[in-house]
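Undergrad: Pasting a structure here, questions to come.
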Ligand SMILES: C[S@@+](CC[C@H](N)C(=O)[O-])C[C@H]1O[C@@H](n2cnc3c(N)ncnc32)[C@H](O)[C@@H]1O
């Protein structure tokens, strides 16, 4: 079994997709979808959980809640299972703001803001990384690695697929939780 936590508008076939919101513009036919907080999902675990995926989700949880989520993943995953996360990369936003150079593509709602004082475009994007769309926490590579290590994971792979986000694959350490 594979699960996709905080699937938002991108539920995936072949996964149990979990989100506390059902988006009216999304077609959920053909995918498995649980509407509710991930902590309330009661799986009938007839098969091992081989993958937990959470794209652009971890930063929506406050610091301690994020660690609790990672522990939840650890408890759910089979020993050979994998955790796949993507999060905005705080360091990219910090660097852009310091340099006054905007390399991160603007999200649609921010495109109208750069001309508006008092903030420069890169400052607007930095603020978006911090607070945008309900973010409660931000991570750079070392913070993400530390959170994973602290909750019993080892990092198998870490990429920057698009210059704005971190994509990490991790595996549970045996015996830790
Ligand atoms: C930024 S969206 C990411 C959507 C999708 N994964 C993507 O990459 O486009 C974060 C999603 O997490 C959901 N969410 C936040 N907290 C949640 C929770 N405790 N349980 C379930 N879903 C939650 C929100 O409803 C939202 O749809």
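Undergrad: Give the residues of the range 78-88 that are at pLDDT below 95 and either more than 11 Å from the ligand (Cβ to nearest atom) or farther than 19 Å from residue 7 by Cα (or both), sorted by residue number.
TA: Filtering the range 78-88 down to residues at pLDDT below 95 leaves 78-80, 88.
Hits for the range 78-88 are 78, 79, 80.
Undergrad: Take the residues in the range 134-146 that are assigned to a helix (DSSP H, G or I) and under 14 Å from residue 86 (Cβ atoms), then tell me which one is nearest to the ligand (Cβ to nearest atom).
TA: Taking the range 134-146 as the starting set, the residues that turn out to be assigned to a helix (DSSP H, G or I) are 134, 141-146.
Narrowing further to those that are under 14 Å from residue 86 (Cβ atoms): 141, 144.
Working: 141: 19, 144: 16 Å.
Out of the qualifying residues, it is 144.
Undergrad: While we're on this one: Before we move on, is residue 105 more than 10 Å from the ligand (Cβ to nearest atom), in contact (Cβ under 8 Å) with a residue 40 or more places away in the chain and not assigned by TED's automatic domain parsing to the domain that holds residue 153?
TA: Details: more than 10 Å from the ligand (Cβ to nearest atom): yes; in contact (Cβ under 8 Å) with a residue 40 or more places away in the chain: yes; not assigned by TED's automatic domain parsing to the domain that holds residue 153: yes.
For residue 105, the condition - more than 10 Å from the ligand (Cβ to nearest atom), in contact (Cβ under 8 Å) with a residue 40 or more places away in the chain and not assigned by TED's automatic domain parsing to the domain that holds residue 153 - is met.
Undergrad: Which condition breaks for residue 65 when tested against (1) within 11 Å of the ligand (Cβ to nearest atom); (2) touching a strand residue (DSSP E or B) at 6+ places or on another chain (Cβ under 7 Å); (3) outside any loop (DSSP other than H, G, I, E, B)?
TA: Answer for residue 65: the failing condition is (2).
Undergrad: Select from the range 47-62 the residues that are touching a strand residue (DSSP E or B) at 6+ places or on another chain (Cβ under 9 Å) and in a helix (DSSP H, G or I) and write down the one among them that is farthest from residue 18 (Cα to Cα).
TA: Selected residue: 59.
Undergrad: Since residue 144 meets every condition but one in (1) touching a residue at least 12 places away in the same chain (Cβ under 8 Å); (2) surrounded by fewer than 19 Cβ atoms within 10 Å (Cβ to Cβ), which condition does it not meet?
TA: It is condition (2) that residue 144 fails.
The values are calculated or read from the model by the stated rules, or taken from the named source; none is laboratory data. Treat the numbers as computed from the prediction; the structure is a model and nothing was measured. Cβ: placed from backbone, ideal geometry, glycine included. Neighbour counts: every protein chain shown.
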